[in-house]
Amino acid sequence: MYANLKLQIFKLGIHQNYLAKEVGIADSVLSKIIHGYREPSASERRLLADYLHVEENWLFERFESPLQRRSTVLGTGQAK
């Protein structure tokens, strides 16, 4: 999950679908990027960082929840 991306969208008070339209990507693609189901391309990273007025590296720091880490350690793919 890209928590900083989600946070910055919230801080600016804009909707995901508005942002997607402004930078020229599908809102479903943006949702998948935010939730970590799709990696953004280099151009998508630049477009989003520029539009949101933040550093690209900060915006795309990965966040892994404790439950995700636990399931990875257990090797089951599911938290127990």
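Computed from the coordinates by the stated procedures, all read-outs in this text should not be read as laboratory data. It should be emphasised that the depicted structure is a prediction, and the values quoted were computed from it without experimental measurement. A quick note on method: Cβ atoms are made from the backbone with ideal geometry, for glycine too, and the neighbour counts reach across all protein chains shown.
Worth pointing out:
- Projected label distance in nm at residue 3 and residue 56, using a 7 Å step from Cα toward the beta-carbon: 2.4 nm
- Label-to-label distance, nm, for residues given as residue 39 and residue 12 (7 Å Cα→Cβ offset): 2.4 nm
- Structural descriptor for the range 3-74: relative contact order 34 percent, calculated from alpha carbon pairs under 8 angstrom and at least 6 residues apart.
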